[in-house]
1. What residue, of B:213, B:230, is more than 9 Å from every other protein chain (Cβ to nearest Cβ) and over 18 Å from the mean Cα position of the chain (by Cα)?
2. For segment B:166-186, give me each residue that is surrounded by fewer than 22 Cβ atoms within 10 Å (Cβ to Cβ), touching a strand residue (DSSP E or B) at 6+ places or on another chain (Cβ under 8 Å) and more than 9 Å from chain A (Cβ to nearest Cβ).
3. Taking the residues in segment B:187-209 that are without any contact (Cβ under 8 Å) to a residue 12 or more places away in the chain and in contact with a strand residue (DSSP E or B) (Cβ under 7 Å, 6 or more places away or on another chain) as candidates, determine which candidate is farthest from the other protein chains (Cβ to nearest Cβ).
4. Out of (1) more than 22 Å from residue B:48 (Cα to Cα); (2) assigned to a loop (DSSP other than H, G, I, E, B), what's the single condition that is false for residue A:41?
5. Out of all the residues in segment A:123-149, which are part of a helix (DSSP H, G or I) and more than 12 Å from chain B (Cβ to nearest Cβ)?
6. Could you tell me whether segment A:102-113 includes any residue that is facing chain B (nearest Cβ under 9 Å) and either farther than 25 Å from residue B:78 by Cα or modelled with pLDDT of 95 or more (or both)?
7. Scan segment B:105-118 and tell me whether some residue there is without any contact (Cβ under 8 Å) to a residue 40 or more places away in the chain, in a loop (DSSP other than H, G, I, E, B) and surrounded by fewer than 24 Cβ atoms within 10 Å (Cβ to Cβ).
8. When both residues are 6+ apart or on different chains and their Cβ atoms are under 8 Å apart, which pairs have a first residue that lies in segment B:243-259 and is more than 7 Å from chain A (Cβ to nearest Cβ), and a second that is in a loop (DSSP other than H, G, I, E, B) and at pLDDT below 95?
């Protein structure tokens, strides 16, 4: 490809939270690398559950790595959100046309969007006026089969690239862990109302001091057929548009009328 | 106070992200300790900018500490969100009536709500059906004067305790860094549309290898008089009701009509 041809291709920033060595990010790179100029900036170690954490107490490292054939890639010592910030300021020196995050090993539907480093990276991009999408496969294992996820991630990215997207667009895309041919299609959904019921496991260390492991059971309270959990249970890929204005406008109106100080 | 009287008092869980030794959490405890049975579970070290991070890769420690007179307090090795989860499951063995977070040293208005450990702890409580509020003073310094913040935090908590609040209520309360008598009152606001323009500082270590420090300039794009930034600039305490359903319903409707796969 000539340089002039390549320069007209959209710049696609790819990151994740499972770390640059995870099979999921390799699947995402493979799925879209002919759709634009792909640049990868991803954590140098797993960063699951980091939410929207940023690194403010110590400095960050950034190293080039040659692990994706023909694709510029950097590993970063920080969080997924740090990766997006560093990519724009110090790697690309511009905003990419879109930012993709994933493919995550494990679900980021419903309330998981809040804890997820994968989705926080996508949200960070949108804050920075870069349309973005996070992709997650409902299979935690390292050996997960990404065939269906790769196929649908590509379809969603193609749709994003041919649509005039609002610059603050964020899509939370989850893919059911079934054979690709069993996936029924794509559903635009709302975030299910669900949460984890915590259950810390308590153990004692060799000195007799207590420590706790976070565990919990996922509980879905949402009975609607318009949620991401419903779609995934019925073998659809779920796409939830996400926003970063967290204002609860309904409660705002109510408090304005009733709270007097 | 007799035990029966005390048992009817609301249970108030207090946490923060600056760590249990920060002056801000002490101010919050002092501001509300006669309004209920206060229990503190807070990080054992600063956890600013941790967002909604949870600790999943290693275990957590929890130690009782006697630093607030007459108030049960525990320090936790985890994030602010971990503190809330552990407090409910392993300290209180019940849901508190309300959860308060702060008083943070530094602003958590506008987009800061997303990065803030203080606010993420409050959001976590609301996910767990505990009405909550995060408090932040617009002064980063350790020597900050919390007089006004303490006074208004108490007013907001009194209002919360006498109101029948929805169990998922989260309030993001910011207090201007001015003398208490200059504060004009409380305004219910929306989250301002603002962001940071990143500017990483690049340095070299003694081995000649590069490292980066995250810095950035806060830029407010919101010209409205209904935002938290506006209220604070005009010496009002801002109260933004926050939600954890991140679905962008406007974009959802649009994509449902226009996206075909």
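1. Values: B:213 fails: more than 9 Å from every other protein chain (Cβ to nearest Cβ).
On inspection, the qualifying residue turns out to be B:230.
2. The answer is B:177, B:183, B:184.
3. Initial filter on segment B:187-209 (without any contact (Cβ under 8 Å) to a residue 12 or more places away in the chain): B:202-209.
When the remaining residues are screened for being in contact with a strand residue (DSSP E or B) (Cβ under 7 Å, 6 or more places away or on another chain), the result is B:202-205.
Values: B:202: 7, B:203: 7, B:204: 11, B:205: 9 Å.
Checking each candidate, the answer is B:204.
4. (2)
5. So in segment A:123-149, the residues part of a helix (DSSP H, G or I) come out as A:123-127, A:147-149.
Hits for segment A:123-149 are A:147, A:148, A:149.
6. To start, the set of residues in segment A:102-113 that are facing chain B (nearest Cβ under 9 Å) comprises A:111, A:113.
Of the ones still in play, those that are also either farther than 25 Å from residue B:78 by Cα or modelled with pLDDT of 95 or more (or both) are A:111, A:113.
Checked segment A:102-113: at least one residue is facing chain B (nearest Cβ under 9 Å) and either farther than 25 Å from residue B:78 by Cα or modelled with pLDDT of 95 or more (or both).
7. If we filter segment B:105-118 for residues that are without any contact (Cβ under 8 Å) to a residue 40 or more places away in the chain, which is where we start, we get B:112.
Of the ones still in play, those that are also in a loop (DSSP other than H, G, I, E, B) are none.
The answer is no; no qualifying residue exists.
8. The qualifying pairs are B:258/A:163.
The values are calculated or read from the model by the stated rules, or taken from the named source; none is laboratory data. Keep in mind that this is a model prediction, so the values were computed, not measured. Every residue, glycine as well, gets a Cβ built from its backbone with ideal geometry; the counts of neighbours run over all protein chains shown.
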